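Participant: This is the structure I have questions about; it appears just below.
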Amino acid sequence: MRTGIILLFILLFSSCFRKPIPVSFFHTGEFTLEDTSHSANEYLQSFEDDGFPIYYLGPSKDTINIGTRYWRRGECRFEEYPAYCIFRYSTSNVSVQVATSFPACESLEYLNKERFIDHYCDSNHYYHASTIIIRNLCDTAVSLGITFSVSQMHREMLNSRGQWVKVNKKLCEEWLCGTGQPNIYLMPGELIISKVGHFNGKHTIPCRLALGRSNAFAQVYSNTFTEYINDSLLQIVEGT
């Protein structure tokens, strides 16, 4: 009995001294991002680790909080689905920007027994990342598929022969169950905030993101940014 009381006291005492989750502010030139996340301490190891989680979906405003993942709450985002929306993307209706001027952290966090995110779980991962900003540029809703991630996006890298190589599949190309997942519609004037994780290695490679529903349709590309990859990932890019 006494031992149990002592252990309970130790747990309560130690929980009081857990480091608070830091809050970082980044100015994009259009708005301020308030990011509540642990500091990044590792890099992605595989191209298949890309997930492009959505952290914010809504109108642009002075300050946007992206501390936690976008989850569909109790209320519905739409009373009715948009009467008309765009399924094929072009540079006239959507833009993709990877903001590399400030660092970000892409969190992979697990749920506790109460089904809440456990920010202090030992199995969590915190990857070095950059922020992605996807904007609706037109006066019509844009459909971005189903799930809490940007499921229509993949990553490409430039090989030594000057060819852009698709290095992973879009989530919509995987066997993905959409039960209980929301339809993602980007309304006029709205934007999505997502994140792309980074790699670490000795090889410097130009990289870009491609947004499109299928390889059969035209893709909308992000700005080009730099990745650093290891030998094994380079073999995939070079096809060797």
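Participant: Considering only residues that are among the basic types (Lys, Arg) and at pLDDT 95 or above, look in the stretch 196-240 and name the one that is nearest to Gly51 (Cα to Cα).
Facilitator: Filtering the stretch 196-240 down to residues among the basic types (Lys, Arg) leaves 202, 208, 213.
Next, from what is left, pick out any that are at pLDDT 95 or above: 202, 208.
On the way: Lys202: 24, Arg208: 15 Å.
The qualifying residue nearest to Gly51 (Cα to Cα) is Arg208.
Participant: Let me ask you something else. Got at least one residue in the stretch 2-16 being modelled with pLDDT of 85 or more, open to solvent by 40 Å² or more (accessible area, probe 1.4 Å) and over 30 Å from Gly201 (Cα atoms)? Don't jump to the end; show me each part of the working.
Facilitator: Let us first name the residues in the stretch 2-16 that are modelled with pLDDT of 85 or more, namely none.
Checked against the condition, which is being modelled with pLDDT of 85 or more, open to solvent by 40 Å² or more (accessible area, probe 1.4 Å) and over 30 Å from Gly201 (Cα atoms), the stretch 2-16 yields no hits at all.
Participant: In the stretch 209-221, is there at least one residue being in contact with a strand residue (DSSP E or B) (Cβ under 6 Å, 6 or more places away or on another chain) and outside any strand (DSSP E or B)? Don't jump to the end; show me each part of the working.
Facilitator: So in the stretch 209-221, the residues in contact with a strand residue (DSSP E or B) (Cβ under 6 Å, 6 or more places away or on another chain) come out as 209-211, 219-221.
Retained after the next criterion (residues that are outside any strand (DSSP E or B)): 219.
Within the stretch 209-221 (the criterion being in contact with a strand residue (DSSP E or B) (Cβ under 6 Å, 6 or more places away or on another chain) and outside any strand (DSSP E or B)), the answer is yes, since at least one residue qualifies.
Participant: A further question on this structure: Just checking, which of Gly74, Gly29, Gly51, Gly67 is of a type in the set (Gly, Ala, Ser), at positive phi and modelled with pLDDT under 90?
Facilitator: Unique residue meeting the criteria: Gly29.
Participant: Pick out, from the stretch 131-207, the strands (runs of 3 or more DSSP E) lying fully within it that include 1 or more residues that are open to solvent by 30 Å² or more (accessible area, probe 1.4 Å) and either touching an Asp or Glu at 6+ places or on another chain (Cβ under 6 Å) or not small (Gly, Ala, Ser) (or both).
Facilitator: 141-146, 153-158, 164-166, 183-186
Participant: Scanning for something surrounded by 15 or more Cβ atoms within 10 Å (Cβ to Cβ), at pLDDT below 90, touching a helix residue (DSSP H, G or I) at 6+ places or on another chain (Cβ under 8 Å) and part of a loop (DSSP other than H, G, I, E, B), does the stretch 103-122 turn up at least one residue?
Facilitator: No, because not a single residue in the stretch 103-122 is surrounded by 15 or more Cβ atoms within 10 Å (Cβ to Cβ), at pLDDT below 90, touching a helix residue (DSSP H, G or I) at 6+ places or on another chain (Cβ under 8 Å) and part of a loop (DSSP other than H, G, I, E, B).
The values are calculated or read from the model by the stated rules, or taken from the named source; none is laboratory data. This structure is a prediction, so every number in the text was calculated from the model and none was measured. Cβ sites come from the backbone with ideal geometry, for glycine too, and all protein chains shown count toward neighbours. Only protein heavy atoms, including side chains, enter the accessible area calculation; ligands, DNA and RNA are left aside. Shrake-Rupley method; radii C 1.70, N 1.55, O 1.52, S 1.80 Å.
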